[in-house]
Amino acid sequence: MQAPVQSSSVIKSSLIEPDGGVVVDLVVPESERGAKTAEAESMPKVKLTKIDVEWVHVISEGWASPLKGFMREDEYLQSLHFNSLRLKDGSIVNMSLPIVLAIDDETKEGIGSSSDVGLVGPDGDLIAILRSIQIYKHNKEERIARTWGTTAPGLPYVEEVITPAGNWLIGGDLEVLKPIKYNDGLDHYRLSPKQLRKEFDKRQADAVFAFQLRNPVHNGHALLMNDTRRRLLEMGYKNPILLLHPLGGFVKADDVPLDVRMEQHSKVLEDGVLDPATTIVAIFPSPMHYAGPTEVQWHAKARINAGANFYIVGRDPAGMGHPTEKRDLYDPDHGKKVLSMAPGLEKLNILPFRVAAYDTVAKKMAFFDPSRAKDFLFISGTKMRTYARTGENPPDGFMCPGGWEVLVKYYESLQAEDATQQPAVVSS
């Protein structure tokens, strides 16, 4: 683990260099927008899904730096087979998930011999140009097997994105006509890597530790984050800043939606469980694959580009239950082991955390003590959702009351919705 900078008067403008040395920014300058849009109008069009647009957002802001567009075949093969890309100077950057755009036969035919295409959002708006394109075969089975390590039915991202997708992939350089906005009341949380780096500098952070999550924050998470800050202060850092970074793209149907999670996170700060002065809450726009140790590398790599030099990793990161068998899909310890060895992530400090659970004696979340294992209660995300759904309160000290209330309200609204959708039974 790297030593802290000794001179406290020198604040580096960047704590960690982005992959490729520069944060990629593919949004067209405002002065060129009109001309580029007019040019795009005359090109063959590729229609994007909502999740394709999330990937355009990810690429355009530099989360996947040095990637400058959807992958061409050589990048796709390196990502799929090596989880990394070799740059022109011979250096290696991590790239564990293929970031690709699929098209069907009809779209391929419509493109013909054109070298550039216009990308159209689900609402019909032109959002980007893809230049110097390359079209190549989309071998779905190989992609699924290599990314997830299984082709079992029921993988959420596969069913949502890959199965219905076309049999071709189209790669090229991206020019995004205007910043991607969702107009959902949460855009102010969607800070780009450049904006985050600026914010870390403004706060004079000498260490930034990122915490990726897709669930509500309970007091066990808070314990881990506060304990990490304590450890960094002990190592000699003066002003470690927490990047609390919930994932904002596609999640599976039974995950808590983003707007509810963001409201819950803000209650956690309001209730003082985390310190607003040393915490930045922002949205990470990536879709979720649930691909375990393969995906956790992507989560860590993207945070390098955002300026975080420490990454907290816990049990079974990016994992899920096996879709057809009663077991975890991945070994819960493999994520942190893989991160500590992954090619291209050497400059990132990985902070594996100890397991937190509910201590029934102390009546609070605490680090698990194997010598009195029977005193600890493990409350999984599923268990937490069951509590909230059934209106049963979790043990005192599991989550701040304000945060818990947000979840209960959400599940009550779901049940009310279900009740109104029940078909009326007509007796004959």
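The values are calculated or read from the model by the stated rules, or taken from the named source; none is laboratory data. From a predicted model like this one, the values you see are computed outputs, not experimental measurements. For neighbour counting, all protein chains shown are included, and Cβ atoms are generated from backbone atoms with ideal geometry for every residue, glycine included. When the accessible area is computed, the model is the full protein with side chains, heavy atoms only, and any ligands, DNA or RNA have been set aside. Shrake-Rupley method; radii C 1.70, N 1.55, O 1.52, S 1.80 Å.
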**Study point:** Vicinal HN-Hα couplings computed from phi for region 234-250 (Karplus, 6.51 cos²θ - 1.76 cosθ + 1.60; Hz; Gly/Pro x)
**Key:** 5, 6, x, 6, 9, 9, x, 10, 8, 9, 8, 10, x, 6, x, x, 3
Review point. So what is the calculated 222 nm ellipticity per residue for the chain, using -39500 (n - 2.57) for each DSSP H run with n of 4 or more, over all residues, to the nearest 500 deg cm²/dmol?
Key: -10500 deg cm²/dmol
Point to revise | Order of exposure, largest accessible area first, which applies to MET235, MET225, MET320 with probe 1.4 Å | key: MET235, MET320, MET225
Check your understanding: When all protein chains stay in place, what accessible area (Å², nearest 10, 1.4 Å probe) is found for ASP331?
Key -> 70
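Mind running the shape call on region 307-428? Use the C-alpha gyration tensor, a ≥ b ≥ c as the square roots of the eigenvalues: rounded below 1.5 for a/c, prolate if a/b tops b/c, oblate otherwise. All intermediate terms of the calculation are to be shown ahead of the outcome.
Values: a/c = 2.22, a/b = 1.60, b/c = 1.38.
Prolate, since a/c reaches 1.5 and a/b exceeds b/c.
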Point to revise | Distance (nanometres) between label positions extended 7 Å along Cα→Cβ at ASP328 and LYS374 | key: 2.5
Exercise for review: Would you mind calculating the gained length between GLU346 and GLU141 on full extension (0.36 nm times residue separation, minus the Cα-Cα distance), in nm to one decimal?
Suggested key: 70.7 nm
Revision key, fill the gap. Computed for region 30-176: size of charge dipole around the Cα centre, +1 on C-beta of each Lys and Arg, -1 on C-beta of each Asp and Glu, debye to nearest 20, value 420
Review point. Amide H to amide H, which residues 5 or more places from LYS364 or on other chains are under 5 Å from it, using H placed in the peptide plane?
Key: ASP359
Study note, to complete from the structure: Along region 25-42, Karplus-curve 3J(HN,Hα) (6.51, -1.76, 1.60; θ = phi - 60°) to the nearest Hz, with x for Gly and Pro, reads 9, 10, 7, 5, x, 3, 5, 9, 4, x, 5, 5, 5, 4, 5, 5, 4, 8
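Heavy-atom accessible area per residue, region 187-416, 1.4 Å probe: how many Å²? Write out the running numbers ahead of the final one.
Numbers: 9380 Å² over 230 residues.
With all protein chains present, region 187-416 gives 41 Å² per residue.
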**Study point:** Rounded accessible area of SER380 (nearest 10 Å², 1.4 Å probe)
**Key:** 60
**Study point:** Percent breakdown of C-alpha pair distances by 5 Å bin, ordered from the shortest bin, for region 138-210
**Key:** 3, 10, 14, 11, 11, 15, 17, 12, 6, 2
Point to revise | For LEU213, distant residues with modelled amide H under 5 Å away | key: HIS245, LEU247
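On a 1.4 Å probe surface of the protein chains, which of ARG190, ARG72, ARG231, ARG315 comes out largest in accessible area, and what is the full order?
Descending accessible area places them as ARG315, ARG231, ARG72, ARG190.
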Point to revise | Backbone HN-Hα couplings from phi across region 166-178 [Karplus 6.51/-1.76/1.60, Hz, Gly and Pro as x] | key: x, 8, 10, 10, 10, x, x, 8, 9, 10, 9, 6, 7
**Study point:** Segment GLU412-TYR182, length gained on full extension (0.36 nm per residue, minus Cα span)
**Key:** 80.2 nm
Exercise for review: Find how much the distance from ASP104 to PHE367 grows on full extension, using 0.36 nm per residue of separation minus their present alpha carbon separation; answer in nm with one decimal.
Suggested key: 89.6 nm
Check your understanding: Seen from all sides and averaged, what is the projected area of the convex hull of the Cα atoms in region 30-176, in nm²?
Key -> 9.3
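Taking region 91-138, how much of its Cα-Cα pair set, in percent, is spaced more than 15 angstrom apart? Mind dumping the intermediate values first?
Working: 652 of 1128 pairs.
Considering region 91-138, 58 percent of its Cα-Cα pairs are separated by more than 15 Å.
On the accessible surface of region 30-176, probed at 1.4 Å, how many percent belong to carbon and sulfur atoms? Mind dumping the intermediate values first?
On the way: 3000 of 6440 Å².
The nonpolar share, carbon plus sulfur, comes to 47 percent.
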Check your understanding: Who wins for biggest fluctuation among PHE398, PHE378, PHE209 in a Gaussian network model of the chain, springs between alpha carbons below 10 Å?
Key -> PHE378
Exercise for review: Would you grab the residues whose amide H sits under 5 Å from the one on ASP328? Only those 5+ places off in sequence or on another chain, please, with H modelled 1.01 Å from N.
Suggested key: HIS322
Review point. In Å, what is the Rg of the alpha-carbon atoms in the chain, and how long is Dmax?
Key: 22.5, 84
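So with the 1.4 Å probe, I'd like the accessible area per residue for region 30-176, rounded to whole Å². Don't skip to the answer; put the middle values down first.
Numbers: 6440 Å² over 147 residues.
In whole numbers, region 30-176 has 44 Å² accessible per residue.
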Check your understanding: With respect to the cross-link table entries LYS194/LYS301; LYS238/LYS336; LYS47/LYS137; LYS36/LYS88, which display a Cα-Cα separation exceeding 21 Å?
Key -> LYS238/LYS336; LYS36/LYS88
Practice item. Pop a pseudo-label 7 angstrom from the Cα along the beta-carbon direction at both ASN226 and SER132 and give the gap in nm to one decimal. Key: 5.2
